[in-house]
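Peer 1: Pasting a structure here, questions to come.
All of the numbers you see were taken from the coordinates with simple rules; none came from a lab. Please read all numbers here as calculations on a predicted model, not as lab measurements. Cβ atoms come from the backbone with ideal geometry, glycine included; neighbour counts cover every protein chain shown.
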């Protein structure tokens, strides 16, 4: 397929800081991880063990070992950190990450009301020894955060040491930066981008229409997250114009050039 690949839009190489694809693992087996990475590893940059699944996943150490074999960064979902926060046990959470050799972590407050200065303190503490992704936005569909506050929270969390800020959408893509129908809150996204560099934001986009929106808005190397394990290669075709949803758009861009 060299004839095709030589003519595709340029993609940044791994390890990537832009064009990141974050996959959500919601409990696949050790063997499924092996199968998944054998086919998809070149297009996956980081894997989240979704919400609190790590605590109830059998053979977790063996599963993480497969990710490590492929040199794939993996981290516990932010909801697990929130559970430890509620139990005043963040020291135990760090011990757990050490036990499993986890070098990335997510700090979120999408379920619990964590005072923001306290959240930023947690980010700063963890960023001393780990790569931190911080999630902004609520999992409560009724809680609408105005654009200026999204910007303020993101800036403060980046200043606290977050590698990237995650724009909340949940695994269903129907809260946060999306309406309940899954439609993008375009005005919110555009306003965020006036103040926050796009390469610093990882947009949760589990659904194809959402992925298409962000690729057309920000290009091939937009950071996208909460991608299902079976949608990685389909997403990559969207990123480079090998699927009907973005092919014409990329071909038109080539004409302009």
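Peer 1: Please figure out what share of the DSSP beta bridges in the chain is antiparallel and state it in percent, rounded to the nearest 5.
Peer 2: Taking every DSSP beta bridge with both residues in the chain, the antiparallel ones total about 5 percent.
Peer 1: While we're here: Would you mind computing the Rg to Rh ratio of the chain from its alpha-carbon coordinates, Kirkwood style for Rh?
Peer 2: Result for the chain is an Rg/Rh of 0.96.
Peer 1: A further question follows. With contacts defined as alpha carbon pairs under 8 Å and 6 or more residues apart, what's the relative contact order of the stretch 166-257 in percent?
Peer 2: RCO, the stretch 166-257: 22 percent.
Peer 1: Something else now. Taking 0.36 nm per residue of separation and subtracting the Cα-Cα distance, what length does fully extending residue 190 through residue 31 add? Mind showing how you got there, number by number?
Peer 2: Details: separation 159, 0.36 × 159 = 57.24 nm, distance 4.11 nm.
Working it through step by step, the gained length comes to 53.1 nm.
Peer 1: Is it possible to state the helix-based mean residue ellipticity at 222 nm for the chain, with each DSSP H run of 4+ residues giving -39500 (n - 2.57), the sum divided by total residues, to the nearest 500 deg cm²/dmol? What is it?
Peer 2: Rounded to the nearest 500, the figure is -13000 deg cm²/dmol.
Peer 1: Tell me, how many Å apart are the Cα centres for the stretch 194-257 and for the stretch 18-39?
Peer 2: If you average the Cα positions of each part, the centres end up 19 Å apart.
Peer 1: Same structure, new question: By per-residue mean of other Cβ atoms within 10 Å, what is the highest-first order of 177-183, 140-146, 71-77?
Peer 2: Put in order of decreasing packing, that is 71-77, 177-183, 140-146.
Peer 1: Moving to a separate point now. If you take the square roots of the eigenvalues of the alpha-carbon gyration tensor of the stretch 52-156 and sort them as a ≥ b ≥ c, do you get rounded (a/c under 1.5), prolate (a/b over b/c) or oblate? Show your work: numbers first, answer last.
Peer 2: Values: a/c = 1.88, a/b = 1.80, b/c = 1.05.
Since a/c reaches 1.5 and a/b is larger than b/c, the shape of the stretch 52-156 is classed as prolate.
Peer 1: Considering every Cα-Cα pair within the stretch 142-190, what fraction, in whole percent, is farther apart than 18 Å?
Peer 2: In whole percent, the long-distance tail amounts to 33.
Peer 1: While we're here: Once each part is reduced to its C-alpha centroid, what is the distance from the stretch 143-193 to the stretch 44-75 in angstrom?
Peer 2: Cα centroid to Cα centroid, the span is 25 Å.
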